[in-house]
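The numbers here are math on the coordinates, done by the rules we state, and not lab data. Just so it is clear, the model here is predicted, and its values are computed rather than measured. Note that we place each Cβ from the backbone using ideal geometry, even for glycine, and neighbour counts take in every protein chain shown.
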Amino acid sequence: MNFEAIKSIYFFEMARTRRTLLQSVISPVLSTALYFIVFGAAVGSQIQEIDGISYGGFITPGLIMLALITQCISNGSAGIYFPKFTGTIYEILSAPVAMTEILIGYVGAAATKGMIIGLIILGTATFFVDLKIAHPALMLFFMALTAVTFSLAGFIIGIWAKNFEQLSLVPMLIVPPLTFLGGTFYSVNMLPPFWEAVSHLNPVLYLVSGFRWSFFEVSDINPLVSLGMIILFLGLCLGLLTWVFRTGYKLRP
């Protein structure tokens, strides 16, 4: 294992975050703070509690998961797309560095950025709601597993994307609706039976529910099922990347 190569790619990507601090960190944190203000004041005044949890506290895990997924996909895809766009990807591929080492460097950096933003938002939430975490170790584990999984998904999107429109398609047009409809702002048990059944087809529901359980020991889905779903998605991403590396899909001319 070439740890020097992994370290070089990792710190290069982390340095890019420092150069774009306003866009990479401050913007998502401010956007999430607005959710707390708007939904906490408007909806929270009408819905005092859900499952015995204050409304502001109930939506906190979902908002963290929304930011975490979006940022990991965006950072994971941008990390590999820009070397393709500028042509420097061929220098990386021709270097004595294995594809797994390239993957660890880029995905590790994207997951780290997502974790940092998620933890900052968690800290920001304490200014708006009285928050207690029942299982902090499980919360961090679930957050890290989600960050790695969706950074891998972002890496795949970055390889697949032909232009900036395709690059932003998933994090901007697909992830937010799935998150909003995945129990972020409500419990799916509040829905009519038909729509509750439809909601179970939304993969984000399992992520939000499992993450919420680590906070309050309350969720719409069994936490073991939620954990199994994220592990399944992780396996699918690794399997797809294995095929990409073997075939050189959109990496080699």
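Partners of Lys162 within straight-line reach, counting lysines whose Cα lies under 29 Å from its Cα and excluding those fewer than 8 residues away in the same chain: Lys7, Lys84, Lys113, Lys250. Take every Cα pair under 8 Å whose residues are at least 6 apart in sequence, average their separation, divide by the length of the chain, and the relative contact order is 26 percent. Fewest-first ordering of Ser168, Ser151 by other beta carbons within 10 Å of each residue's beta carbon gives Ser168, Ser151.
Between Phe11 and Val29, the contour length at 0.36 nm per residue exceeds the Cα-Cα span by 4.2 nm.
Ordering Leu122, Met99, Pro176 by the projection of their Cα atoms onto the charge dipole of the stretch 3-247, which places +1 on the Cβ of Lys and Arg and -1 on the Cβ of Asp and Glu, puts Met99 at the extreme positive end.
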